[in-house]
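**Q** This is the structure, below, for whatever I ask next.
What follows is calculated from the coordinates using simple rules that are stated; it is not laboratory data. Quick caveat, the model's predicted, so the values are computed rather than measured. So basically every Cβ, Gly included, is an ideal-geometry build from the backbone, and we count neighbours across all protein chains shown.
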Amino acid sequence: MNWKTILWLGLSGILFFGSHEAGARPVVAMLTDFGLENEAVGLCHGAILSIDSNIEVVDLCHSAEPYNIRKASLMLKRSNSFPKGTVFVGVIDPGVGTARTGIAIKTHQGYFFVAPNNGLLSEVIHTQGVDRAVRLVEKRVNPNWKSGTFDGRDLFSPAAALLASASGDLDRVGIPVEISEIELLPKIQAQIDLEKKSITGHFLLTDKPYGNVWTDITQADLEAIGCELGGKVLVKAGSHERILPWVVSFGHVPEGEPLAYIASGDTLALAINMGDFRKAWGLEEGCTITVRTAQ
């Protein structure tokens with residue numbers, strides 16, 4: 001066997017086995033409000049890996065605002081950058097230990113989500129739709145399960161691991177439920193007044209640590225009232241009202257100057273280049289933001 005043959009066999013093995021492993025390894029992505037100051041997240045990792053040590057566990061975020069289901073739902077909405085088939089487990093669960101149930105769903109886009117049935121999956125369902133849903137059967141997921149305060153470790157993490165290791169077989173973790181049985185939060189949506197050429201939206205999320213203000217106003221909303229990228233918009237929020245340039249990103253205005261832009265979540269955001277817009281304007285999440293065309 002000459003050196004060319006040996007080299008070809010070696011490269012073939014690397015390409016074949018490498019691509020197989022990369023394509024086959026299941027992924028579980030976690031979103032919780034557990035923080036990183038204790039062992040809770042690590043114990044959830046352990047529960048997942050105890051079921052299948054081949055699972056790639058990704059920490060999407062563990063500093064979600066405690067108990068804030070709506071904000072966490074918005075965070076899950078941005079999950080479609082992951083490989084299809086990824087299983088997301090969300091644990092923002094102020095009702096832990098009560099009669100609330102757990103659910104698992106498959107979306108039209110081919111992702112799986114495991115969470116308490118408390119509205120946490122609202123934004124995912126609004127944007128991706130649902131192919132199928134099941135109610136988690138606790139003893140099917142974890143024969144040692146009992147009601148307590150750590151379903152993140154004892155129920156939701158194992159359910160996500162079972163789903164991931166079984167290529168998304170929902171029957172492995174639960175029994176079918178109607179999609180109508182999934183709890184949804186009341187939908188918040190910006191309102192357009194074409195006559196006044198204005199949009200009334202809401203401050204949904206703070207882009208930490210920068211203090212940028214993310215809203216529910218879309219680019220289509222802005223264009224519907226005649227605003228154009230590269231132009232200016234009149235923004236009113238709290239006690240402030242100011243004309244801002246609508247630009248692509250922060251560096252298109254001088255340092256310390258405010259701007260409007262479309263954030264990575266595909267909605268209008270407000271920022272100060274190298275500054276904190278939320279702090280400067282004294283805004284609280286949930287407040288109303290009005291945008292008009294600037295004459």
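**Q** Provide the net charge surrounding Arg132, with neighbours chosen by a C-beta distance below 14 Å and charges set as Lys +1, Arg +1, Asp -1, Glu -1.
**A** Combined, the nearby Lys, Arg, Asp and Glu give -2.
**Q** Rg and Dmax of the chain, using alpha carbons, in Å: what are they?
**A** Reported Rg and Dmax, both Å: 22.9, 80.
**Q** While we're on this one: Using only the alpha carbons of region 191-293, determine the length spanned along each of the three principal axes and report them from longest to shortest in whole angstroms.
**A** Ordered largest first, region 191-293 gives principal extents of 36, 27, 24 Å.
**Q** Still on this structure, please answer the following. Mean projection of the alpha-carbon convex hull of region 32-160 over all orientations, in nm²?
**A** 7.2
**Q** Quick one: putting +1 on the C-beta of Lys and Arg, -1 on the C-beta of Asp and Glu, what dipole do you get for the chain around its Cα centre, in Debye to the nearest 20?
**A** Using Cβ point charges on Lys, Arg, Asp and Glu, the chain gives about 300 debye.
**Q** Which order do Ile103, Ile225, Ile175 fall in if you start with the one that has the fewest other Cβ atoms within 10 Å?
**A** Lowest to highest Cβ neighbour count: Ile175, Ile225, Ile103.
**Q** Can you work out the base-10 log of I(q)/I(0) for region 176-237 at q = 0.16, 0.21, 0.28 1/Å, using the Debye formula on its C-alpha atoms alone?
**A** Log10 I(q)/I(0), no solvent term: -0.67, -0.92, -1.26.
**Q** Using the count of nearby Cβ atoms within 10 Å as a rough guide to exposure, how do Met274, Met30, Met75 rank from fewest to most?
**A** Lowest to highest Cβ neighbour count: Met274, Met75, Met30.
**Q** Fewest Cβ neighbours within 10 Å first, please rank Cys227, Cys44 accordingly.
**A** Result, fewest neighbours first: Cys227, Cys44.
**Q** Once the Cα gyration tensor of region 106-185 is diagonalised, what are the square roots of 5 times its eigenvalues, in whole Å and ordered largest first, as equivalent ellipsoid semi-axes?
**A** Rounded to whole Å, the semi-axes are 21, 15, 11.
**Q** A follow-up question, please. For the chain, what does the helix formula give at 222 nm: sum of -39500 (n - 2.57) over DSSP H segments with n ≥ 4, over the residue count, nearest 500 deg cm²/dmol?
**A** -7000 deg cm²/dmol
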